[in-house]
Amino acid sequence: MAESEVSPFRVEVPQEDVDDLRDRLLRTRWPVDQDLTGERGIPLARVRELAERWATSWDWRAWEARLNAVPQVVTTIDGTTVHALHARSADPDAVPLVLLHGWPGSVVEFLRVLEPLGEFSLVVPSLPGFGFSGPTPDGGWTPERMARAVAELVHRLGYDRYVVHGGDWGSHVGRDVARVDGRSLLGLHVTMTPGVDVSGDPTAAEKWTRYGRDLAGYNKLQSTRPLSLAPALTDSPAGLLAWIAERFAEWTDPASDIDEDQLLADVAVYWFTRTGPSSAQIYWERQHAPTPEWARDVPTGVAVLPHDLARPPRAAMEAAVDLVSWTEFDRGGHFPAMEVPDLLADELRRFVRAVRP
């Protein structure tokens, strides 16, 4: 494929890989049970429950078909493969809306909002090093480098002006798209505000302190020694499952209706593409690069979810960006496209109406 060529793509996991996943799960060498007190990570019983479902009643081919029901593209940018779901609207005046996942998310994360957002031309990239855009062949894939790849992809698809939404690392990448391709952005919408000082808001500071104290063990490891974790994430589906499922257990609204099969499909994307290790590298890259500022000249919207990792202070965002929209949801957590797809779709429709010419 030529460097600038954009080609159609279909997800087609070999049956031997599907069978291998099931066999490995059924042969898992589980830890010995211990009588332990306190919060020490995701309970072993919960992981075993999910693993049994993953190996038996869960059906990868059904999720593969759901992915392939959406048009997909693949291209090469900056030396690596970049994949995306691309549902172009029949309306030539439809606004292009780019949806950016984070870790441990994937394009699977957005499947429940694609139909409600069908009035837009939707571009849902797999970030470089994640899922069907990985593994990357080299290091150095900071959020800014990813942002340049996302912007290039969108322009190769023929869009001059577009809106970006992102959560988790998608917020980082979206922030940087606004910096590197701001003239093309109609607006930026995020659910996290990386790099914004929370110390002036006691509630936000307390929540962020708890995250750093109790919930960020994965972050410390992936920021400092991601290669030490790589064999486990590649060789043990039960290990990968525990590593990712813990994030969903701790970062979501307890009242959210997370679809377990969708969660397993998300983990399966990491498994089949062997991108557990390459996706983790973004934490190391972030630690070894300066934190960029936000673009002040791009209309920006923020949605605050009550059970997300941190609550951004509105005053700090007003000082950092052209804040044109601020919405506080009454439910939901870190994965709104999976937890509260109805609220997220309504919010994005409203935001696009507010920023489109």
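The values are calculated or read from the model by the stated rules, or taken from the named source; none is laboratory data. No experiment lies behind these values; they were computed from the predicted model shown. Counting neighbours? That spans all protein chains shown, and the Cβs are built from the backbone with ideal geometry, glycine included. Note: areas computed on protein heavy atoms with side chains; ligands, DNA, RNA excluded. Shrake-Rupley method; radii C 1.70, N 1.55, O 1.52, S 1.80 Å.
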Practice prompt. Would you kindly identify the helices (runs of 4 or more DSSP H) lying entirely within the range 184-243 that contain at least 2 residues that are modelled with pLDDT of 90 or more, of a type in the set (A, V, I, L, M, F, W, C) and open to solvent by 20 Å² or more (accessible area, probe 1.4 Å)?
Written response: 226-235
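Look through Trp271, Trp294 and report the one residue that is more than 23 Å from Glu144 (Cβ to Cβ), at pLDDT 95 or above, open to solvent by 10 Å² or more (accessible area, probe 1.4 Å) and among the aromatic types (Phe, Trp, Tyr). Let's see the steps before the verdict.
On the way: Trp294 fails: more than 23 Å from Glu144 (Cβ to Cβ).
Result: Trp271 is the single residue among Trp271, Trp294 that is more than 23 Å from Glu144 (Cβ to Cβ), at pLDDT 95 or above, open to solvent by 10 Å² or more (accessible area, probe 1.4 Å) and among the aromatic types (Phe, Trp, Tyr).
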Worksheet entry | Residues of the range 307-355 classified as out of contact with any strand residue (DSSP E or B) (no Cβ under 9 Å at 6 or more places or on another chain) and among the aliphatic types (A, V, I, L, M), total | 6
Item to complete: From the list Ile282, Ile258, pick out the single residue that is touching a helix residue (DSSP H, G or I) at 6+ places or on another chain (Cβ under 8 Å), modelled with pLDDT under 95 and either at negative phi or open to solvent by 10 Å² or more (accessible area, probe 1.4 Å) (or both).
Response: Ile258
Worksheet item: Within the range 26-38, can one find any residue that is exposed (fewer than 13 other Cβ atoms within 10 Å of the Cβ), of a type in the set (Asp, Glu) and either at pLDDT 95 or above or assigned to a loop (DSSP other than H, G, I, E, B) (or both)?
Response: yes
Practice prompt. Being open to solvent by less than 10 Å² (accessible area, probe 1.4 Å) and part of a helix (DSSP H, G or I) is the filter; apply it to the range 152-166 and report the residue that is farthest from Ala345 (Cα to Cα).
Written response: Leu153
Worksheet entry | Subset of the range 52-92 [open to solvent by 70 Å² or more (accessible area, probe 1.4 Å) and touching a helix residue (DSSP H, G or I) at 6+ places or on another chain (Cβ under 6 Å)] | Asp78
Response to the item:
Val47 passes all but one of the listed conditions (1) open to solvent by less than 20 Å² (accessible area, probe 1.4 Å); (2) under 21 Å from the mean Cα position of the chain (by Cα); (3) of a type in the set (Val, Ile, Thr); the exception is number (2)
Worksheet item: When you go through Glu115, Glu144 one by one, which is the residue that is of a type outside the set (S, T, N, Q), part of a helix (DSSP H, G or I), surrounded by fewer than 21 Cβ atoms within 10 Å (Cβ to Cβ) and modelled with pLDDT of 95 or more?
Response: Glu144
Fill in: helices (runs of 4 or more DSSP H) contained in the range 249-357 and holding at least 1 residues touching a residue at least 24 places away in the same chain (Cβ under 8 Å) and under 30 Å from Trp58 (Cβ atoms)
260-273, 276-287, 336-339, 341-355
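Report yes if Pro128 is in a loop (DSSP other than H, G, I, E, B), in contact (Cβ under 8 Å) with a residue 12 or more places away in the chain and open to solvent by 10 Å² or more (accessible area, probe 1.4 Å), otherwise no.
On the way: in a loop (DSSP other than H, G, I, E, B): yes; in contact (Cβ under 8 Å) with a residue 12 or more places away in the chain: yes; open to solvent by 10 Å² or more (accessible area, probe 1.4 Å): no.
Here the answer is no, as Pro128 does not meet what is asked.
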Practice prompt. Could you figure out which of (1) over 17 Å from the mean Cα position of the chain (by Cα); (2) touching a residue at least 24 places away in the same chain (Cβ under 8 Å); (3) over 26 Å from Ala94 (Cα atoms) isn't true of Glu206?
Written response: (2)
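Hey, can you tell me all the residues within the range 305-353 that are of a type in the set (A, V, I, L, M) and in contact with a Pro (Cβ under 8 Å, 6 or more places away or on another chain)?
Leu305, Val324, Leu343, Leu344, Ala345
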